[in-house]
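S.K.: Take a look at the following structure, please.
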Amino acid sequence: MSFKQMIWKMAKAEYNKYLFYFLCNSFAVMFFFMFATVYFNESVVQVKQSESIQYVLTIPGVALVVFTIFFIHYAHHIFIKKRKSEFSLLMTLGMSNRDISKLLLLENAVIGLFSLIAGLLAGMIFSRLFFSLLMNQVGIEGVSFQIIGSMFLSATAAFLLVFLIVVGKSLFLILTRDPIESMKSEQIRETLTMKSPLFGGIGVAILIGSIIGLYFTYGNPVIGGDYLIFWAIATFLGLYISLLQFTSFIIELAKRSKQFYYQHILFWTNLDTKLKQLTSIFMLVTVMIMVTILYSTIILFSYMSAEKEAIAQNPFDIAFVEVDILDTSLLVQKENQLQEHISIPFYSYSQKDTYYDWTNTYTFISVDNFNKLTSRKLSLENGEFLSFINVDPEHADGYEKNILFPIESERRNFELKDTIFDKRINDVPNLGEMIIVNGNDYASLKERSDGEEATLHLVNVENWKESGPFVKKIEERLKTGADDQDVVQIASKIEDYERQRNSNGILFYVSTFLSVLFFFGSFILLYLHLFSSVEREKEKYSKLRLIGITALEMKRIMTKEIATIFFIPTTIGTTLALLYVVAMAKDIGGITKHPDILLYFFIVAGVYYVIQIGFYLFAKRKMLSEMIR
Amino acid sequence: MLMLEAKNIVKVYGELAGEGATTALGGVSFQLNKGDFIAIMGPSGSGKTTLLNILSGLDKPTSGEVIIDGNIISSLNGEQLALFRRKQLGFVFQDFNLLDSLTVKENIVVPMVLEKKSATEMEERVHELASLFDIEEILNKYPYQISGGQQQRTAVSRALVNHPSLIFADEPTGNLDSKSSTVIMECCEKIVQELSATVLLVTHDVFAASYCRKVIFIKDGLIHSSIDRKGSRKDFLNQIMDNLAILGGRTDVF
């Protein structure tokens with residue numbers, strides 16, 4: 001039998017090991033590739049230059065790199081652990097280091113290549129599938145699916161880099177380590193060399209510090225987003241240190257209370273033995289859950305707030321300006337009938353700016369009409385004027401409160417009485433600020449200057465969400481009477497709503513994509529962890545069964561262990577996501593101003609928990625049946 | 001006092017009347033009294049291990065019954081059997097069967113943990129047994145850090161931790177060198193003499209068997225003969241070897 005034949009025979013006999021390793025690597029490639037399809041998508045790249053999407057991709061980007069490195073490393077570790085004793089045996093039988101390296105390289109090259117191909121293929125199919133699914137369901141415009149060379153290139157390069165490092169490392173370990181040691185390696189515990197509560201304290205300090213830092217910098221409009229990557233890395237680092245140290249700290253603590261420790265001895269020792277591996281799993285799953293929940297909350301918030309924002313910005317369903325006398329037949333509708341119609345005449349006057357080469361348009365309105373519009377009971381003397389600014393008083397900062405009368409020739413005749421901030425009309429062009437004068441002055445201003453009178457129509461319909469065609473119709477009509485340069489003065493809830501949805505579209509697409517990707521990633525990781533140790537666990541329980549453990553007791557211990565690895569990361573991840581939500585909400589005025597973000601957060605977290613519980617029950621059943629078999 | 005009674009144990013592997021059926025035990029009966037120290041010997045494939053598995057409840061006989069301390073163990077279900085085993089029986093295995101992730105001390109207390117005993121009780125019991133078998137020094141070490149003999153003494157301590165009335169040992173010296181074997185067999189003697197427990201061991205190691213009070217020889221699934229120890233251990237050893245020669249088993253002593 002030649003060397004090659006022997007290898008082939010060994011591989012065929014234990015194809016399971018190879019299959020597992022191959023699937024893990026394919027998954028890693030797929031993960032990289034799917035992220036690349038979003039990251040290098042041209043419509044995303046374009047938006048990325050200008051908008052917040054750059055920051056949105058930051059945290060998942062960091063998390064993805066950490067995840068994939070770990071994932072490949074972990075899969076390789078499991079694979080090599082299974083092969084190591086076989087290699088050592090071959091080495092004691094006289095196989096040379098050269099042969100072993102040849103064997104290892106050959107195996108890994110073949111598996112790596114196939115994983116790469118399978119991963120890219122699967123990535124292409126899944127991202128395409130996901131894209132069309134999302135497009136059909138949500139109807140986002142402005143993103144088109146594409147597959148370009150840089151996606152393949154980056155996914156392949158990233159995978160190969162990590163893969164080569166990992167393979168190189170184990171090659172080095174196998175060649176430098178004593179074969180006898182390697183044969184025993186299954187038994188040897190991984191012990192933590194630097195165990196100290198102080199380190200744990202530092203970890204927690206970094207973790208808390210990063211969140212506080214994010215809270216105080218994220219609101220900054222200029223540099224806030226740039227720091228996000230820094231704080232995200234700090235959070236992950238702090239999390240890792242504290243997880244590692246605190247798990248060992250808790251085990252130490254448990255050991256002190258003998259009664260408690262002995263009661264759950266199998267649980268504690270299992271935790272202790274797998275500490276490093278477990279910490280990495282905890283860390284990664286925590287990060288993935290955190291990212292998933294954080295981004296789902298952001299999506300839900302922006303999706304839901306599109307409607308709210310549209311309502312807040314548009315007190316009336318439709319507002320438009322008609323220069324000529326209105327053709328009332330325009331407003332007659334069979335379906336979705338008018339509920340309310342207010343017409344307010346106003347006078348608009350344009351004059352050249354003193355310093356710049358543009359025209360300023362001013363809007364004048366009589367106090368009676370203003371009272372009608374805002375349900376106020378104001379009165380003005382001749383020569384008095386009010387400045388009305390159509391914004392919520394909360395956002396009044398930055399507006400000039402002591403303006404002079406805008407028409408220069410009339411300036412000495414008028415005196416400012418007050419400035420009123422109120423959000424009363426939709427954001428119709430040129431109607432953001434108005435000058436209010438009494439009826440007499442309004443009439444004489446009209447006579448003395450050469451502006452034009454127009455009417456502002458404020459309309460409410462039965463159902464604004466259905467008012468799209470109606471708005472279109474009015475817009476068409478307004479356009480027919482106007483010059484090309486004239487602005488069509490119309491603002492409606494429905495248009496605002498659709499605009500918001502579309503501008504959020506790409507963000508929405510990217511965030512949903514990432515959430516789903518990370519959601520599955522965390523599951524696969526937990527599953528991998530659970531079933532990679534199944535052989536060992538089986539052996540342990542068969543030993544325990546010989547000394548009289550009952551099936552029920554075994555189930556109870558297993559359940560406790562599985563519950564721990566499922567729910568500790570979920571809890572920490574949810575908590576971190578909540579803190580990040582609170583910190584990132586500073587960008588839009590803080591959590592106190594948008595308490596509904598919390599509601600969305602709890603909805604998302606609740607859904608996640610329900611799914612996680614479902615998956616936990618599934619994994620538990622699968623694991624227990626595997627153990628009993 | 002009667003400790004264990006095996007009544008006409010038959011074990012057939014495979015379909016009962018089928019062609020591939022193998023009779024491992026063809027009707028074995030014997031009794032064990034409290035304080036007995038008995039070895040079952042026989043050549044490979046004679047049914048020793050099958051017998052031990054049936055006696056200890058790890059396997060079910062095709063027919064016949066095993067009564068331990070008044071309990072018919074073949075009528076117990078899986079859960080009851082597990083509870084019965086850990087309360088009444090102690091086990092020592094050829095490959096020690098220690099958990100890698102537990103220290104020596106923790107390994108010893110596992111049966112007590114399952115019984116939910118208090119921590120102080122466990123500590124006391126561990127130190128009692130550790131001093132008896134001279135493993136106090138290594139209580140906080142892990143199985144892979146200690147020698148085979150020490151591992152087996154740990155396993156013996158674990159078998160005794162719940163004060164069982166009957167100890168089963170399956171080739172306890174099978175994986176040990178001669179020196180360690182001596183220590184282990186002396187441990188078994190101590191169990192019988194000082195703790196007044198009953199020990200049944202299965203072995204093909206003549207040296208180990210010579211420590212017992214009685215040796216039962218089985219061949220082809222049936223009891224072939226048995227001898228009692230009357231004189232010194234050396235005489236008994238020679239007697240066993242003579243018997244094995246008749247049986248056709250292994251007779252070399254290292």
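The values are calculated or read from the model by the stated rules, or taken from the named source; none is laboratory data. Predicted, not measured: the structure shown is a model, and the values here were computed from it. As a convention, Cβ positions derive from the backbone with ideal geometry for all residues, glycine included, and neighbour counts pool all protein chains shown. SASA here: full protein model, heavy atoms, side chains in, ligands and nucleic acids out. Shrake-Rupley method; radii C 1.70, N 1.55, O 1.52, S 1.80 Å.
S.K.: I want to confirm something. Restricting to region B:45-96 and keeping residues that are more than 13 Å from chain A (Cβ to nearest Cβ), among the aliphatic types (A, V, I, L, M) and part of a helix (DSSP H, G or I), which single residue is nearest to residue B:203 (Cα to Cα)?
M.R.: Top of the filtered list is B:51.
S.K.: Among (1) surrounded by fewer than 20 Cβ atoms within 10 Å (Cβ to Cβ); (2) part of a helix (DSSP H, G or I); (3) among the hydroxyl-bearing types (Ser, Thr, Tyr), there is one condition residue B:196 misses while meeting the rest; what is its number?
M.R.: Among (1) surrounded by fewer than 20 Cβ atoms within 10 Å (Cβ to Cβ); (2) part of a helix (DSSP H, G or I); (3) among the hydroxyl-bearing types (Ser, Thr, Tyr), the lone unmet condition for residue B:196 is (2).
S.K.: Please enumerate the residues belonging to region A:371-417 that are part of a helix (DSSP H, G or I) and either of a type in the set (D, E, K, R) or more than 22 Å from residue A:352 (Cα to Cα) (or both).
M.R.: A:371, A:372, A:373, A:374, A:393, A:394, A:395, A:408, A:410, A:411, A:412, listed by residue number.
S.K.: Does residue A:626 satisfy the criteria of being at pLDDT below 90, within 14 Å of chain B (Cβ to nearest Cβ) and not in a loop (DSSP other than H, G, I, E, B)?
M.R.: no
S.K.: Can you name the condition, by its number, that residue A:226 falls short on among (1) at pLDDT 80 or above; (2) away from chain B (no Cβ under 14 Å); (3) surrounded by fewer than 22 Cβ atoms within 10 Å (Cβ to Cβ)?
M.R.: That leaves (1) as the condition not met.
S.K.: Please determine whether any residue of region A:343-362 is in contact with a Lys or Arg (Cβ under 9 Å, 6 or more places away or on another chain), assigned to a loop (DSSP other than H, G, I, E, B) and open to solvent by 60 Å² or more (accessible area, probe 1.4 Å).
M.R.: For region A:343-362, residues in contact with a Lys or Arg (Cβ under 9 Å, 6 or more places away or on another chain), assigned to a loop (DSSP other than H, G, I, E, B) and open to solvent by 60 Å² or more (accessible area, probe 1.4 Å): present.
S.K.: Please work out which one of (1) polar (S, T, N, Q); (2) at pLDDT below 85; (3) part of a loop (DSSP other than H, G, I, E, B) is the condition residue A:426 fails and give its number.
M.R.: (2)
S.K.: Where residues in region A:264-291 are of a type in the set (A, V, I, L, M), within 14 Å of chain B (Cβ to nearest Cβ) and touching a residue at least 12 places away in the same chain (Cβ under 8 Å), which of them is nearest to residue A:253 (Cα to Cα)?
M.R.: First, pick out the residues of region A:264-291 that are of a type in the set (A, V, I, L, M): A:265-266, A:271, A:275, A:278, A:281, A:283-285, A:287-291.
Pick out the ones that are also within 14 Å of chain B (Cβ to nearest Cβ) and you get A:265-266, A:271, A:275, A:278.
Those still in the list that are touching a residue at least 12 places away in the same chain (Cβ under 8 Å) too: A:266, A:271, A:275, A:278.
Values: A:266: 16, A:271: 13, A:275: 15, A:278: 18 Å.
Filtering first and then ranking leaves A:271.
S.K.: Name the single residue that is farthest from residue B:222 (Cα to Cα) among those in region B:41-100 being among the β-branched types (Val, Ile, Thr) and open to solvent by 40 Å² or more (accessible area, probe 1.4 Å).
M.R.: First pass over region B:41-100, keeping only residues among the β-branched types (Val, Ile, Thr): B:49-50, B:54, B:62, B:66-68, B:72-73, B:92.
Now narrow it down to the ones that are open to solvent by 40 Å² or more (accessible area, probe 1.4 Å): B:49, B:62, B:72.
On the way: B:49: 13, B:62: 15, B:72: 22 Å.
Per the criteria, the residue is B:72.
S.K.: To continue, here is another question. Please verify whether region A:276-287 includes one or more residues that are within 30 Å of residue A:426 (Cα to Cα) and open to solvent by less than 10 Å² (accessible area, probe 1.4 Å).
M.R.: no
S.K.: Something else: Within region A:543-580, which residues are within 9 Å of chain B (Cβ to nearest Cβ) and part of a helix (DSSP H, G or I)?
M.R.: A:543, A:544, A:545, A:546, A:551, A:552, A:553
S.K.: Residue check: is residue A:237 more than 14 Å from every other protein chain (Cβ to nearest Cβ), surrounded by fewer than 21 Cβ atoms within 10 Å (Cβ to Cβ), over 25 Å from residue A:615 (Cα atoms) and out of contact with any helix residue (DSSP H, G or I) (no Cβ under 8 Å at 6 or more places or on another chain)?
M.R.: Numbers: more than 14 Å from every other protein chain (Cβ to nearest Cβ): yes; surrounded by fewer than 21 Cβ atoms within 10 Å (Cβ to Cβ): yes; over 25 Å from residue A:615 (Cα atoms): yes; out of contact with any helix residue (DSSP H, G or I) (no Cβ under 8 Å at 6 or more places or on another chain): no.
No, not satisfied.
S.K.: Take the residues in region B:151-182 that are free of Cβ contacts under 8 Å to residues at least 40 places away in the same chain and assigned to a helix (DSSP H, G or I), then tell me which one is least open to solvent (accessible area, probe 1.4 Å). Even if it seems obvious, please write down each step before you answer.
M.R.: If we filter region B:151-182 for residues that are free of Cβ contacts under 8 Å to residues at least 40 places away in the same chain, which is where we start, we get B:153, B:163, B:173, B:176-177, B:179-182.
Still in the list and also assigned to a helix (DSSP H, G or I): B:153, B:179-182.
Numbers: B:153: 37, B:179: 155, B:180: 21, B:181: 1, B:182: 39 Å².
Across region B:151-182, the extreme among qualifying residues is B:181.
S.K.: Here is a further query. Just name the residue that is nearest to residue A:389 (Cα to Cα) out of those in region A:429-452 that are modelled with pLDDT under 85 and acidic (Asp, Glu).
M.R.: A:452
S.K.: Which one of these does residue A:571 not meet: (1) within 24 Å of residue A:292 (Cβ to Cβ); (2) modelled with pLDDT of 85 or more; (3) open to solvent by less than 20 Å² (accessible area, probe 1.4 Å); (4) of a type outside the set (A, V, I, L, M)?
M.R.: (3)
S.K.: Within region B:118-138, work out how many residues are away from chain A (no Cβ under 12 Å), in contact with a helix residue (DSSP H, G or I) (Cβ under 8 Å, 6 or more places away or on another chain) and surrounded by fewer than 17 Cβ atoms within 10 Å (Cβ to Cβ).
M.R.: Result for region B:118-138: 3.
S.K.: Of (1) surrounded by 23 or more Cβ atoms within 10 Å (Cβ to Cβ); (2) not in a loop (DSSP other than H, G, I, E, B), residue B:189 satisfies all except one. Which?
M.R.: Tallying (1) surrounded by 23 or more Cβ atoms within 10 Å (Cβ to Cβ); (2) not in a loop (DSSP other than H, G, I, E, B), residue B:189 fails exactly one: (1).
S.K.: Then there's this: From the list A:493, A:538, which one is away from every other protein chain (no Cβ under 14 Å) and either open to solvent by 10 Å² or more (accessible area, probe 1.4 Å) or hydroxyl-bearing (Ser, Thr, Tyr) (or both)?
M.R.: Only one candidate passes the filter, namely A:493.
S.K.: Now for a different question. Would you be able to tell me the number of residues in region A:244-274 that are at pLDDT below 80, crowded, with 20+ Cβ neighbours inside 10 Å and of a type outside the set (S, T, N, Q)?
M.R.: Residues in region A:244-274 being at pLDDT below 80, crowded, with 20+ Cβ neighbours inside 10 Å and of a type outside the set (S, T, N, Q): 3 in total.
S.K.: Among the listed residues B:152, B:193, which satisfies the condition of being more than 14 Å from chain A (Cβ to nearest Cβ) and touching a Pro at 6+ places or on another chain (Cβ under 7 Å)?
M.R.: Values: B:193 fails: touching a Pro at 6+ places or on another chain (Cβ under 7 Å).
The match here is B:152.
S.K.: Also, I was wondering about something else. Residues that are more than 19 Å from the chain's Cα centre (by Cα) and of a type in the set (Lys, Arg): does region B:24-42 have at least one?
M.R.: Checked region B:24-42: no residue is more than 19 Å from the chain's Cα centre (by Cα) and of a type in the set (Lys, Arg).
S.K.: Now for a separate question. With more than 30 Å from residue A:251 (Cβ to Cβ) and under 21 Å from the mean Cα position of the chain (by Cα) as the only criterion, which of A:572, A:597 stands out?
M.R.: Working: A:572 fails: more than 30 Å from residue A:251 (Cβ to Cβ).
Going through A:572, A:597 in turn, the sole match is A:597.
S.K.: Could I ask something else about it? Looking at (1) surrounded by fewer than 21 Cβ atoms within 10 Å (Cβ to Cβ); (2) at pLDDT 70 or above; (3) not small (Gly, Ala, Ser), find the lone condition where residue A:502 falls short.
M.R.: Going through the list (1) surrounded by fewer than 21 Cβ atoms within 10 Å (Cβ to Cβ); (2) at pLDDT 70 or above; (3) not small (Gly, Ala, Ser), residue A:502 breaks only (2).
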